[in-house]
Amino acid sequence: MAASGALSTFRLPPLPTIREIIKLFRLQAVKQLSQNFLLDLRLTDKIVRKAGNLTNAYVYEVGPGPGGITRSILNASVAELLVVEKDSRFIPGLQMLSDAAPGKLRIVHGDVLTFKIEKAFPESLKRQWEDDPPNVHIIGNLPFSVSTPLIIRWLENVSQRDGPFAYGRTQMTLTFQKEVAEVDVGVVHFTPLTQPRIQQPFKLVEKVVQNVFQFRRKYCHRGLGMLFPEAQRLESTGKLLQWADVDPTLRPRQLTISHFRSLCDVYRKMCDEDPNLFAYNFREESKKNKSKKQEKRE
Ligand code: SAM
């Protein structure tokens, strides 16, 4: 389907409620899969409004389930909505929605962790990175167990301008559920920047951030220390913090983007000087130390 310039207004015809769909197709939430459904269409409309104007947009919805958010997206006059759902129980209910919105809803029974969205929409939607964002949006309400690895993958895709970001600076509107039983959802809208705030490779930034946050309640020097082998830990952590001009007694949550930028820049220099440093993993070192101790005892 080609991107059309003409504005289209569309409303779904009257349909059974989401609650009725759940009953009709016996779609009880599987708690082990952290399934938790949004039933109130006023709430799903509110979530979808956070994505901005979706008129004639191409939207990729991850994990549509019984289709609450799906309905709100279809009612926003999109050009096309592509949904990827892993659980086959939801496909017939989604098919019903597709029949009610002819030519607008494409259903894929698959896994968002492997689906290649970069091949799914027309090439003509592609924009230069520096241009305004393309009319392509990602929207989803996924459980934490899936949304966390997915968002990290997408952030890496942003840095490489591939995956969903092969179209340009594709916008994402995602809900994050705190706990399975909690009805409260936080909605986060992301638009990739034209220039990253930290000009270092994604993997390096990821390593620094991961290390800092593994001791989220402690002072930041505790997690940063784990970037260095035990034998040089004290000295190298001191250098890193001093050269980056970061107070060692700040807690991870108190660190700003500019703190992270300095830490990543200094850590990069230290890795350039010591080619083995980046590959260092403190978990592997402590595992080795433990097995050495074990051997000595035996
Ligand atoms: N979007 C619906 C809503 O808001 O009511 C359902 C939300 S429920 C928390 C998450 C949905 O994502 C479920 O339908 C689940 O089957 C689906 N899901 C979980 N992991 C998935 C994956 N890896 N790929 C595709 N869908 C997935």
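The values are calculated or read from the model by the stated rules, or taken from the named source; none is laboratory data. Please read all numbers here as calculations on a predicted model, not as lab measurements. Ideal geometry is used to build each Cβ from the backbone, glycine not excepted, and the neighbour counts take in all protein chains shown. Keep in mind that these areas ignore ligands, DNA and RNA; they rest on the heavy atoms of the full protein, side chains included. Shrake-Rupley method; radii C 1.70, N 1.55, O 1.52, S 1.80 Å.
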log10 I(q)/I(0), Debye, Cα-only the stretch 1-138, no solvent, q = 0.10, 0.15, 0.20, 0.22 Å⁻¹? -0.33, -0.74, -1.28, -1.51
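For the stretch 129-191, what is the per residue volume of the convex hull drawn over the alpha-carbon atoms, in cubic angstrom? Let's see the in-between values first.
Numbers: hull volume 4.5 nm³, N = 63.
Here the figure is 71 Å³ per residue.
Could you calculate the contour length gain from ARG127 to PHE25, that is, 0.36 nm times the residue separation minus the distance between their Cα atoms, to one decimal place in nm? Let's see the in-between values first.
Values: separation 102, 0.36 × 102 = 36.72 nm, distance 4.06 nm.
Fully extending the segment from ARG127 to PHE25 adds 32.7 nm.
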How far, in degrees from 0 to 90, does helix 91-100 lean away from the longest principal axis of the Cα atoms of the chain, to the nearest 10? 50
Carbon and sulfur: what percent of the chain's accessible surface (1.4 Å probe)? 53
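Let me check against my output: what whole-number percent is the relative contact order of the chain, with C-alpha pairs under 8 Å and at least 6 apart? Kindly include the intermediate steps, with their values, before the conclusion.
Details: 459 pairs, mean separation 39.6, N = 298.
About 13 percent, as a whole number.
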What is the angle, in °, between the Cα long axis of helix 257-273 and the longest principal axis of the Cα atoms in the chain? Nearest 10 is fine, range 0 to 90. 50
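Restricting to Cα atoms and excluding each atom paired with itself, what does the Kirkwood estimate give for the chain in Å?
Taking every pair of different Cα atoms in the chain, averaging 1/r and inverting gives 21.8 Å.
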Given a Förster distance of 35 Å, report the FRET efficiency between ALA231 and GLN254 from their Cβ-Cβ distance, rounded to the nearest 0.05. 0.75
Would you please give the FRET efficiency between ASP272 and ALA120, computed as 1/(1 + (r/R0)^6) with r the Cβ-Cβ distance and R0 = 35 Å, to the nearest 0.05? 0.30
Return one number: the angle in degrees, 0 to 90 and rounded to the nearest 10, between the long axis of the Cα atoms of helix 144-160 and the longest principal axis of the Cα atoms of the chain. 80
The alpha-carbon pair-distance distribution computed for the stretch 75-231, with 5 angstrom bins and whole-percent values, is 2, 7, 13, 16, 19, 16, 11, 7, 5, 3, 1, 0, 0, 0
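Percent antiparallel among DSSP beta bridges with both residues in the chain, to the nearest 5?
Numbers: 6 of 27 bridges.
If we restrict to bridges inside the chain, about 20 percent are antiparallel.
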FRET efficiency for LYS50 and ARG297 from the Cβ-Cβ distance with R0 = 51 Å, rounded to 0.05, comes out at 0.30
Sticking with the crude label model, points 7 Å out along Cα→Cβ, report the distance from HIS189 to PHE10 in nm, one decimal please. 2.1
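What whole-number value in Å² describes the accessible area per residue of the stretch 5-190 for a 1.4 Å probe? Before the final figure, lay out each step's value.
On the way: 9080 Å² over 186 residues.
Value for the stretch 5-190: 49 Å² per residue.
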Amide H neighbours of ARG106 under 5 Å, counting only residues 5+ apart in sequence or on other chains, H built in-plane at 1.01 Å? LEU81, LEU82, VAL83
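Rounded to the nearest whole Å², what accessible area per residue is found for the stretch 202-297 with the 1.4 Å probe? Walk me through the intermediate numbers first.
On the way: 6450 Å² over 96 residues.
Ligands and nucleic acids excluded, the result is 67 Å² per residue.
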If you average 1/r across every pair of different Cα atoms in the stretch 202-297 and take the reciprocal, what Kirkwood value do you get, in Å? 13.8
